[in-house]
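One structure below.
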Amino acid sequence: MTERYAVFGNPIAHSKSPKIHSMFATQTAQSLSYEAILAPRDEFELSFRKFTANNGLGANVTVPFKEYAFALCDELSEQAELAGAVNTLSVLSNGKIRGDNTDGLGLVADLKRSIGSLAGLNVLLVGAGGAARGCVLPLLQSDIAELTIVNRTHTKAETLADIFNDYGHVKTLPINHTGQSYDLIINSTSSSLTGEVPNISPETIAAHTVCYDMMYGSVATAFNVWAVKQNANRVIDGLGMLVGQAAESFLIWRKVMPEVEPVLIQLRSEL
Ligand code: ATR
């Protein structure tokens, strides 16, 4: 019987995950299927259980189901526990469901692939939603010098920083603070979806600053356009993070790490 994998979401029609995973499977000579499943908004668990009863061995989970996926797991990785959300479900040999969160690992892998080691970097994380929360631990585990979180609603930045107090030095500042620049600025907000840019000061960008937007598109995101105008050293979008998180999920399920680069080049050419 085919070993089945899938991505669950709502909506899901435009997901790139089936394409990414089928390229990984071909590349690593793994025999498996990977489909996109549209789960009704109030029936994620039912839909997932049906899938596992029919040889479903693992699933990616995207909006709006990451917290539901978290809630149904029998066991969680530390990263998933701290993220409060699960994007990778695996059926273990004893039938239990394990949850991981590979979003932050995908981000860090993409950053390292793009700019090298993150050791010693002074990092500004913009946003305090689910996307931000998923990447704090992997960033702290990358030997960065300091992580500063800012958010439009400042209290949410403080709440997020508190969750990670025991794991490293996490600071918060007002979103529009001035007088300081960073080595790396990561935009985790959804602002680029509406063509907006978070209200951070141009002073956060120095000549050597790298700016990363978790969003991506066929043209540069609003945040990256703004960062270029402020003379950032380099801007990167989130397509590599998408392929990176998929690669980490594939590794968990199949115990083999696929190559990200050829898949990323292919996806980029199709944007
Ligand atoms: P996600 O799970 O994708 O992170 P979320 O939990 O809804 O989504 O969080 C969205 C994040 O984008 C929040 O940090 C939000 O700021 P608020 O907490 O103040 O709402 C941020 N955000 C969205 N639009 C923004 C904008 N135009 N400018 C600045 N921040 C924005």
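None of the figures in this text is laboratory data; all of them are computed from the coordinates on show. Note that the structure is a prediction, hence the values are computed from the model and not measured. Note that we place each Cβ from the backbone using ideal geometry, even for glycine, and neighbour counts take in every protein chain shown.
Computed quantities for the displayed model
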| read-out | value |
| --- | --- |
| Contacts under 9 angstrom Cβ, first residue in the stretch 31-48 being part of a loop (DSSP other than H, G, I, E, B), partner of a type in the set (V, I, T), 6 or more apart | S31/T2; L32/T2; A39/I12 |
| Scope the stretch 76-103; condition aliphatic (A, V, I, L, M) and in a loop (DSSP other than H, G, I, E, B); matching residues | A85, V86, L92 |
| Selection status of I252, in contact (Cβ under 8 Å) with a residue 12 or more places away in the chain, aliphatic (A, V, I, L, M), more than 16 Å from S22 (Cα to Cα) and surrounded by fewer than 24 Cβ atoms within 10 Å (Cβ to Cβ) | no |
| Of all residues in the stretch 162-210 being near the ligand (Cβ under 9 Å from one of its atoms), of a type in the set (S, T, Y) and in a loop (DSSP other than H, G, I, E, B), the one that is nearest to A131 (Cα to Cα) | S188 |
| Residue in the stretch 67-75 that is in a loop (DSSP other than H, G, I, E, B), charged (D, E, K, R) and in contact with a strand residue (DSSP E or B) (Cβ under 7 Å, 6 or more places away or on another chain) present | yes |
| Hits in the stretch 78-133 (condition: aliphatic (A, V, I, L, M) and free of Cβ contacts under 8 Å to residues at least 24 places away in the same chain) | A80, L92 |
| Of all residues making up the stretch 211-244, the number that are among the small types (G, A, S), within 16 Å of G104 (Cα to Cα) and outside any helix (DSSP H, G or I) | 1 |
